[in-house]
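Accompanying notes for the structure given below.
The values are calculated or read from the model by the stated rules, or taken from the named source; none is laboratory data. This structure is a prediction, so every number in the text was calculated from the model and none was measured. No Cβ is skipped: glycine too gets one built from the backbone with ideal geometry, and neighbour counts run over all protein chains shown.
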């Protein structure tokens, strides 16, 4: 199993432990996080990401960032691309925050994985 496959497995565990459903869909959007009142939050990833596990890790960690940072906090009129009230700066800020969270999550999981590997070897 590659490092990327191990990382993707760890990210799936984070998603599952967070109470978020994960599924795959054959579409042009690489990833989507959705949370509506009365529904279980979910993340959908593009089927095409199965061929690029490193990119799948990046997208999944980004979507986890939306779950933890933006759940119930996004002004959808300012965020959705087809909204007449779309605010590009606002949307870019939301995406940048999710990117930063995702990068930090992956770095944290790498550190934790390496610590456990060192413990196993000692």
Considering the stretch 21-34 alone, what residues qualify as being touching a helix residue (DSSP H, G or I) at 6+ places or on another chain (Cβ under 7 Å) and either outside any strand (DSSP E or B) or farther than 20 Å from residue 79 by Cα (or both)? 22, 24, 25, 26, 30
Flag for residue 74 being in contact with a strand residue (DSSP E or B) (Cβ under 8 Å, 6 or more places away or on another chain) and not in a helix (DSSP H, G or I): no
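Report yes if residue 61 is touching a helix residue (DSSP H, G or I) at 6+ places or on another chain (Cβ under 6 Å), surrounded by fewer than 14 Cβ atoms within 10 Å (Cβ to Cβ) and either over 30 Å from residue 5 (Cα atoms) or at pLDDT 95 or above (or both), otherwise no.
So residue 61 fails the test.
Which one is farthest from residue 98 (Cα to Cα) among residues in the stretch 6-20 that are part of a helix (DSSP H, G or I) and in contact with a strand residue (DSSP E or B) (Cβ under 7 Å, 6 or more places away or on another chain)?
12
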If a residue must be surrounded by fewer than 11 Cβ atoms within 10 Å (Cβ to Cβ) and on the phi < 0 side of the Ramachandran plot, how many such residues does the stretch 64-95 contain? 8
Can you pull out every residue in the stretch 92-122 that is over 14 Å from the mean Cα position of the chain (by Cα), in a helix (DSSP H, G or I) and farther than 19 Å from residue 54 by Cβ? 92, 93, 115, 116, 117, 118, 119, 120, 121
